[in-house]
Every structure is written in structure tokens, then in C-alpha cells.
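**Q** Take this structure first; my questions come after.
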Amino acid sequence: MLQRVAIYCGSRPGHDPKYAEAAASLAAYLAQHGIGIVYGGSRTGLMGIVADAALQAGGEVIGVVPANLSQREKTHPNLTETHFVDSMHQRKAMMADLSDAFVALPGGIGTLDELIEIWCWAKIGDHNKACACYDVDAFWQPFFDLLTHIDSQGFAHPGSAMLRADSPDNLLEALVAHTKH
């Protein structure tokens, strides 16, 4: 059953307003469907937009904040729950424990790091939770091109595929379908 989704996304908003619009739309959509959000706990960038939109829609939002980022990323003051941890490793582990699926919105290397690590955990059998990219205006296309290259060169292992969707309803449908397996 899909109760909470971890969302990885930028602590910056990006240059194009479409990223902020998509983040807000997805967060509100999940909240309206009774799905809580687990994220990095910041009030800045797409992270803050996700939290604000979900909270405004009446949703549960749980932040997991490493101590060394609590000032730089400005911890959101109005979350349902905020957990402070000592390291990024602890953040990733707690987010994994609290979530039933994982979604990456546009973001930087931190977003990519979190997405790759949690997907790797699925590939090696540490969990069987869906991992997906919310593909705003083909933001993730270069990543999928790289995955195709890795596969064509014989380095990909079989296992859980990276899901991809470009609308809230398609994303939720894919996450729910994976959760039922």
C-alpha cells in the first residue's frame, strides 16, 4: 500500500518556472490522494515548494535534515514532523524506512545521488519499492540516455526498472502498480 513517497529534488528552484509549477502540482496531487511526502526538510528551492504545496493541500510532510545542512538549506518550520540526523547517510536510510516509493523531481547532484543510491539498493535487493523520475519537460532524458548506453555496453544488471512519468496521475498509477507486485 502506498502511504508515503520520498521526493528528491533541488534545494534551488532552477531557471525555468515550469519546475516550480510541476513540483507544486505533484505535491498537491499526492496530498489530495492521501499520500504523505518524505523529503529533505528544506524550505528553499523545489524542496520548499513541495512542502508548501502539500501542506496547503492538507497533506502530511516529513522532513529529514542532516545537521550540517540545517542552516544552509534553511529547515522548513511548519512540517508535520522534522527529524534531525547526523549525516546524509542517516538521512537516506531514514527516508528509505519512512517511504513506500521514491520520486526524483528536477534537481542537482544531491538529487541525482539520492536517486541513484536508492535505486541501487532496489537493484541489489535491499528493498522492492518503486523508484521513479518525474520527467518535467524531458529533464531526465539525458539520464535515461545514459542508462540506455550502460545497458548497450553490457554493464546493466537485470532488476527493478527506473520508472518515468510526466504527469501526476501517470506517476501515481505507475507507483501504485509497482507497489502491488
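Bear in mind that the values in this text are calculations on the coordinates, not laboratory data. Remember, it's a predicted structure, so these values are computed and weren't measured experimentally. Note that we place each Cβ from the backbone using ideal geometry, even for glycine, and neighbour counts take in every protein chain shown.
**Q** What's the magnitude of the charge dipole for segment 1-65 around its Cα centre, counting Lys and Arg as +1 and Asp and Glu as -1 at the beta-carbon? Answer in Debye, nearest 20.
**A** My answer is approximately 100 debye.
**Q** Placing unit charges on C-beta atoms (Lys and Arg positive, Asp and Glu negative, everything else neutral), compute the dipole magnitude of the chain about its Cα centre in debye, rounded to 20.
**A** 280 debye
**Q** Show that you can apply the helix-only estimate: for the chain, add -39,500 (n - 2.57) for every DSSP H stretch of four or more residues, divide by all residues, and state [θ] at 222 nm to the nearest 500.
**A** Helix-only estimate at 222 nm: -13500 deg cm²/dmol.
**Q** Angle, helix 141-152 long axis vs. longest principal axis of the chain, Cα atoms, 0 to 90°, nearest 10?
**A** Helix 141-152 and the main axis of the chain meet at about 30 degrees.
**Q** Additional query: Label-point separation (nm) for LYS180 and LEU112, each offset 7 Å from Cα along Cα-to-Cβ?
**A** In this crude spin-label approximation the distance works out to 3.5 nm.
**Q** Given points 7 Å out from each Cα along the Cα-Cβ axis, report the LYS18 to ASP97 separation in nanometres with one decimal.
**A** About 3.9 nm, to one decimal.
**Q** Another question, if that's okay. What do you get for the angle between helix 45-56 and the principal long axis of the chain? Use alpha-carbon atoms, 0 to 90 degrees, nearest ten.
**A** On a 0 to 90 degree scale, this one is about 70.
**Q** While we're looking at this one, here's another question. Using the Cα gyration tensor of segment 101-160, with a ≥ b ≥ c the square roots of its eigenvalues, what is the shape: rounded (a/c below 1.5), prolate (a/b larger than b/c) or oblate (neither)? The partial results should precede the final answer.
**A** Numbers: a/c = 1.91, a/b = 1.11, b/c = 1.71.
Here segment 101-160 falls in the oblate category.
**Q** Under the rule of at least 5 residues apart or a separate chain, name every residue whose amide H is placed under 5 Å from the amide H of LEU163.
**A** The list, which skips near neighbours in sequence, is CYS131, ALA132, CYS133.
**Q** A further question on this structure: Output ³J(HN,Hα) for segment 16-21: one whole-Hz value per residue in order, computed from phi by the Karplus curve 6.51 cos²θ - 1.76 cosθ + 1.60 with θ = phi - 60°, and x for Gly and Pro.
**A** 3J(HN,Hα) across segment 16-21, in whole Hz: 9, x, 4, 5, 5, 4.
**Q** Still on this model: Tell me, in nm to one decimal, what length is gained between ALA161 and GLN3 on full extension, where the rule is 0.36 nm per residue of separation less the Cα-Cα distance?
**A** 54.8 nm
**Q** Short version: ³J(HN,Hα) in whole Hz for each residue of segment 163-168, in order, from phi by Karplus 6.51 cos²θ - 1.76 cosθ + 1.60 (θ = phi - 60°), x for Gly and Pro, what are they?
**A** Each residue of segment 163-168 in turn: 7, 8, 8, 10, 8, x Hz.
**Q** Right, something else. Check PHE84: other-chain or 5+ apart residues with amide H under 5 Å from its amide H, H built from backbone geometry?
**A** HN-HN under 5 Å from PHE84: VAL65.
**Q** For LEU146 and ASP169, what does the FRET efficiency come to when R0 = 22 Å and r is the distance between their Cβ atoms, rounded to the nearest 0.05?
**A** Calculated value: 0.20.
**Q** Continuing with this model, one more query. Counting pairs of alpha carbon atoms under 8 Å apart in space and at least six apart in sequence, what relative contact order in percent does segment 4-179 give?
**A** Values: 333 pairs, mean separation 38.7, N = 176.
For segment 4-179, the relative contact order is 22 percent.
**Q** From the Cα gyration tensor of segment 71-179, with a ≥ b ≥ c the square roots of its eigenvalues, which class applies: rounded if a/c is under 1.5, or else prolate if a/b is larger than b/c, or else oblate? Could the numbers behind the result be given before it?
**A** Details: a/c = 1.60, a/b = 1.49, b/c = 1.07.
Prolate shape, in that a/c is at least 1.5 and a/b is the bigger ratio.
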